[in-house]
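Visitor: Can you read through this structure? Questions will come right after.
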Amino acid sequence: MPTERFKRLPEEKIEAIRRAGIQEFTRMSPESASINRIIQEADISRGSFYTYFESKYDLLRWLISDRVREHNDFYVQDMEENGGDIWLTLSRSLEHTITHANDGGFMGMITKLIESKTFFDLFKESVKGEKGEDHMECKRSYLDRIYGLLDQGRFPMDFITFTDLMDLHAITMMMALKKKLNGECGAEEAMDFYNRRINLLRYGVCPRSAEQEKTE
């Protein structure tokens, strides 16, 4: 993750490095990406780059983690706005991801990254906290915030069930997003793919439960 020196840079310089990184990782796989092209595009020296990041993979992890934090904030904000309806937030999350994924070329970078053998390792490392904070502690922190907003009157569940739900949601969303990024389907088809599977988690395979809930 970036050093304190990087964090003290002017916002326009941080943005220039962000754009240069996304541009390079959109063109090339992580393995083939060139630090030289990144520093030329960002107009920084190679020495400066290594005072900000340990490697090109460190830069890539920062680019991903920046978007992960933004996505986590979406869950919290949406739960606050909808009164604790976790199912509504989950159904909106993929649409939010697709809508905002291409901000600054991010979707192109993720499309190239998905093709890489290191994709899942990089993604997992990117959601770790800073200064060595354990991945599970970081994950628990934002899950605690979302769970605290859950309307237990309408959607009663204990924390273990909730975390299992969020894990299954994340897997299903990645499957749907991959189909969209690979060109197998459009945005609406990807959201339909996602919602069908999430509704199985909500109602099970028997639609009678869904009808009963609608009439209550």
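The values are calculated or read from the model by the stated rules, or taken from the named source; none is laboratory data. These numbers were taken from a predicted model, which means no experiment stands behind them. All Cβ positions, even for glycine, are placed from backbone atoms using ideal geometry, and neighbour counts span all protein chains on display. Side chains are part of the model used for accessible areas, which takes the heavy atoms of the whole protein and leaves out ligands, DNA and RNA. Shrake-Rupley method; radii C 1.70, N 1.55, O 1.52, S 1.80 Å.
Visitor: Among the residues of the range 170-197, write down those that are part of a helix (DSSP H, G or I) and either open to solvent by 70 Å² or more (accessible area, probe 1.4 Å) or within 20 Å of residue 77 (Cα to Cα) (or both). Let's see the steps before the verdict.
Guide: Here is the first cut: in the range 170-197, the residues part of a helix (DSSP H, G or I) are 170-181, 187-197.
Residues satisfying the conditions are 170, 171, 173, 175, 178, 188, 189, 192, 196, 197.
Visitor: So if I check each of 53, 49, 6, which one is at pLDDT 90 or above, under 22 Å from residue 110 (Cα atoms) and among the aromatic types (Phe, Trp, Tyr)?
Guide: Working: 49 fails: under 22 Å from residue 110 (Cα atoms); 6 fails: under 22 Å from residue 110 (Cα atoms).
Of 53, 49, 6, the one residue that is at pLDDT 90 or above, under 22 Å from residue 110 (Cα atoms) and among the aromatic types (Phe, Trp, Tyr) is 53.
Visitor: Only residues that are free of Cβ contacts under 8 Å to residues at least 12 places away in the same chain and either open to solvent by 30 Å² or more (accessible area, probe 1.4 Å) or not in a helix (DSSP H, G or I) (or both): list them for the range 14-33, please. If you could, list the steps in order and put the result at the bottom.
Guide: Start the filter on the range 14-33 by keeping residues that are free of Cβ contacts under 8 Å to residues at least 12 places away in the same chain, which leaves 14-15, 32.
Selection gives 15, 32.
Visitor: Has the range 70-84 got any residue that is among the charged types (D, E, K, R) and touching a residue at least 60 places away in the same chain (Cβ under 8 Å)? Show your work before the answer.
Guide: So the first thing to find is which residues in the range 70-84 are among the charged types (D, E, K, R), and the list is 70, 73, 78, 80-81.
Restricting the remaining residues to those that are touching a residue at least 60 places away in the same chain (Cβ under 8 Å) gives 80.
Looking through the range 70-84, at least one residue is among the charged types (D, E, K, R) and touching a residue at least 60 places away in the same chain (Cβ under 8 Å).
Visitor: Report, by residue number, each residue of the range 55-86 that is small (Gly, Ala, Ser) and in a helix (DSSP H, G or I). Spell out how you get there, then give the answer.
Guide: If we filter the range 55-86 for residues that are small (Gly, Ala, Ser), which is where we start, we get 55, 65, 83-84.
Listed by number, the list holds a single entry, 65.
So that you can scan it fast, the table gives a plain yes or no per residue for (1) closer than 15 Å to residue 79 by Cα; (2) buried (at least 16 other Cβ atoms within 10 Å of the Cβ); (3) modelled with pLDDT under 60:
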| site | (1), (2), (3) |
| --- | --- |
| 120 | no, no, yes |
| 130 | no, no, yes |
| 133 | no, no, yes |
| 137 | no, no, yes |
| 144 | yes, no, no |
| 157 | no, no, no |
| 165 | no, yes, no |
| 168 | no, no, no |
